[in-house]
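The values are calculated or read from the model by the stated rules, or taken from the named source; none is laboratory data. Note that the structure is predicted; figures quoted are calculated from it, not measured. Methodologically, a virtual Cβ is constructed for each residue, glycine included, from the backbone with ideal geometry; neighbour enumeration extends over all protein chains shown. To get the accessible areas, we keep the full protein, side chains included, count just its heavy atoms, and leave off ligands, DNA and RNA. Shrake-Rupley method; radii C 1.70, N 1.55, O 1.52, S 1.80 Å.
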Amino acid sequence: GERDLDWLERAVDLAQQYGVRIVMGTPTDAPPAWLTHKYPDVLRVDENGKRLGHGARRHFSPFSPRYRDLCAQIVSAMASRFGHHGNVIGWQIGNEFCMYTRDDTTRALFQRYLAERYGSIENLNEKWTTHYWSQAYSDWSEIPVPTGWSNPGLDLEFFRFMSRGFAEFQQFQVDLIRGFADARQWITHNIHGWEELDFIEIIESADLASWDPYPGGRPLNFSHFGWYSDFCRTIKPRKHWVIETQPGHVNWNSPNLSLARGAVRAMAWHFYAHGAEAVLFWQWRAALNGQEQYHGTLVAPDGEPRAIYPEVARVGREIREVAHLLDAAKHEASIGLLYSYADQYVLKHQRHNHDFDPLRHTMEFYAPLRLMGLETDVLDTGRAIDGYRLIVAPHLHILTDELVEKLVNYVNAGGHLLLGPRSGFKDQYNAMLPSRQPGKRLAHLLGGHVDDFYTLDRNVDVSGEVGVASANIWAEVLVVDSPDTQALLRYAPFNGWIDNQPAMVTRTVGKGRITYLGACLDEAGMRQVMDWAVRVSGIHVEFSELPAGMEVCRRQKDGQEILLVINHAGVAQKLELPRPMTNILSDIPVRASELELPPYEVAVLT
């Protein structure tokens, strides 16, 4: 019952003397040994029914009433002590939520959640089609937690329940802190492990979004990592933070290669270019023992700077130079990319082809847009979509009446909706819709529907007005139902089922257009599809083909366009600019309208 926080206040005060601001983390992801030994019921239970022991982290159950009470005590003590401290600017709740628990308390709460959501056991049985394989329930207490190949309805609801549980685990900590803290102190949670929980729901109670990017030992794939940044940029009105960035190397990859000289600086600028307010590094100085001894740091165990330190310090100096430009500059995107955590979770558990990765599939639609230097907002399916010229939905697997209504209105009002494969397959309960894809109303709007779907064990050519490409992993045969629906791509002879059948169709309807792509395509094919979609949507493209490894991000401020250009390649690259511009970041000049950047170099152009 005794708490000593004097040591922590001495650290906060000492940091203040050196101009180092503090974001205070609640320690609720790592309960101490005395606690888990005295109260073993707070520990989580894994999929095999084993209760975790001590020695790692995230070994707690967020549903444990005892653990929540103990967390409330420590969070209240910290918030009352530091909620008014002038050097504490914000709070981070826990760390990288991701781990499920299947203990008895959790199961009972899950059953209560289902009773509230479905109202009656008969309704649940109907929505889940539980008579299949004798899964019908006569009482809520019979319903298990999923541990393997389970009913799809059960799986999806457990995902939703776990997401809500972590959201509530965060919410009570947020409420406690806000009861003590100054209004200037903001609150966040650092996202990592994007596929386990619905972080839209979890970040709802926070003031700003934040995340932890780790490319591991590979060069930064900016056309994929930009998606994460754009997601964080659009999830909350306030600019997001990058809480953990790797300073060179990590300790969990194989092999743990260090990023090339200059690549860490380029990576930090990538995050700023996508709207980050701050970029922090994990970690400052290594603990002398513990699981992350070999993880990269800015300072060595002896307290002296590592080789990467000057590179990171340079970023700090540079961002100070241009902060006046970037602070109030806005992203203006004509393209929105729809994303649903429920879709991703469902598809991950029913891939139908082991090579189908729903998150990677999403990136395949996003990457060509970044390679054209086009700003894109990543939008949860609950967000408004008015005002975008093009809405891209890589796999709109789950449809609700509300979502369909929004999409139909968007197209009729003049927008272009591009649907990807596996769209319009299920309802909100993870049950198959009693219609062909993409659902009755969208099929009517499209003037076409999916006849059937096929997984591919080898590539098949597709060709048509959009170009020539190669389909892989997944192929849907589309049927044209309306004379004004146009087939843009067709399959080559393959297995008799898909031969010469439409793979992509489009239709102008109302004031807008709807397009359906029924196949997973190779990189070149996706580039052609997105080129076509952008062009017919009336979106201006200044850079039709950026040099390999070159990234361009745009901001607008007081009618002035700002270009942030980053060369992620290991060789020098040249970029033709739309007009003469000035590089305000460094002494690298712009000659006429041509910019040449050395490897991993950065320019801020006005």
Taking a crude spin-label model, label points 7 Å out from Cα along the C-beta direction, the residue 590 to residue 9 distance in nm is 5.3
If R0 = 41 Å, then residue 147 and residue 327, at their Cβ-Cβ distance, give a FRET efficiency to the nearest 0.05 of 0.25
Between residue 98 and residue 132, what is 0.36 nm times their sequence separation minus the Cα-Cα distance? Round to one decimal in nm.
9.1 nm
Helical mean residue ellipticity (222 nm; -39500 (n - 2.57) per DSSP H run of 4+; nearest 500) of the chain
-10000 deg cm²/dmol
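Indicate the gyration tensor shape class of the range 141-266 (rounded, prolate or oblate), computed on the Cα atoms with a ≥ b ≥ c the square roots of the eigenvalues: a/c under 1.5 is rounded; otherwise a/b larger than b/c is prolate and the rest oblate. Display every interim value, and only then the final one.
Details: a/c = 2.36, a/b = 1.25, b/c = 1.88.
Because a/c hits 1.5 or more and a/b fails to exceed b/c, the range 141-266 counts as oblate.
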Sorted by mean Cβ packing within 10 Å, highest first, what order do the peptides 15-28, 231-244, 176-189 take?
231-244, 176-189, 15-28
Length added when fully stretched, residue 560-residue 123, from 0.36 nm per residue minus Cα-Cα:
151.6 nm
Tell me the per residue accessible area of the range 106-262 using a 1.4 Å probe; a whole number in Å² is fine.
41
Just want the answer: with Cβ charges of +1 for Lys and Arg and -1 for Asp and Glu, which residue in 600, 583, 556 is farthest toward the dipole's positive end in the range 452-606?
556
Cα-projected label distance for residue 300 with residue 16, points at 7 Å along beta-carbon direction, nm:
3.4
Cα-centred dipole magnitude for the chain, charges only on beta-carbon of K, R (+1) and D, E (-1), debye, nearest 20:
580
By how many nm would the segment from residue 309 to residue 207 grow when fully extended, if each residue of separation counts as 0.36 nm and the alpha-carbon distance is taken off?
33.7 nm
May I ask you to derive the FRET efficiency for residue 221 and residue 2 from their Cβ-Cβ distance with R0 = 51 Å, giving the value to the nearest 0.05?
0.55
Heads up, I need the accessible area for residue 129: 1.4 angstrom probe, whole protein in place, Å², nearest 10.
80
Taking only the alpha-carbon positions of the range 400-468 and ignoring solvent, what does the Debye formula give for the base-10 log of I(q)/I(0) at q = 0.11, 0.20, 0.26 Å⁻¹?
-0.35, -0.96, -1.25
For a test of understanding, tell me how many lysine pairs in the chain have Cα atoms under 17 Å apart, given they are 8 or more places apart or on different chains.
9
Starting at the first residue of the range 526-539, write each ³J(HN,Hα) from the Karplus equation 6.51 cos²θ - 1.76 cosθ + 1.60 with θ = phi - 60°, in whole Hz, x for Gly and Pro.
5, 5, 5, 5, 6, 4, 4, 4, 5, 5, 6, 7, x, 9
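Which whole-number percentage describes the relative contact order of the range 311-456, with Cα contacts under 8 Å and a sequence gap of 6 or more? Can you show the working numbers first?
Working: 183 pairs, mean separation 32.1, N = 146.
About 22 percent, as a whole number.
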Which whole-number percent is the relative contact order of the chain (Cα, under 8 Å, 6+ apart)?
9
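Accessible area, 1.4 Å probe, largest first: how do 551, 277 sort? Don't skip to the end; give the middle numbers.
Values: 551 0, 277 80 Å².
Output order, biggest surface exposure first: 277, 551.
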What is the distance, in nm, between label points placed 7 Å from the Cα along the Cα-to-Cβ direction at residue 320 and at residue 252?
3.3
Percent carbon-and-sulfur accessible area, the chain, ignoring ligands, DNA and RNA, probe 1.4 Å
50
Each residue of the range 589-598 in turn: what ³J(HN,Hα) in whole Hz from Karplus with 6.51, -1.76, 1.60 and θ = phi - 60°, glycine and Pro shown as x?
x, 9, 8, 6, 10, 10, 10, 10, 10, x
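Given a Förster radius of 22 Å and the C-beta distance between residue 459 and residue 548 as r, what FRET efficiency does 1/(1 + (r/R0)^6) yield to the nearest 0.05? Present the calculation step by step, with values, prior to reporting the outcome.
Details: r = 23 Å, r/R0 = 1.06.
Efficiency for this residue pair is about 0.40.
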Given 296, 86, 145, which one lies farthest toward the positive end of the charge dipole of the chain, if we put +1 on the Cβ of every Lys and Arg and -1 on the Cβ of every Asp and Glu?
86
Beyond 16 Å, the calculated P(r) of the range 111-199 holds a percent of Cα-Cα pairs equal to 63
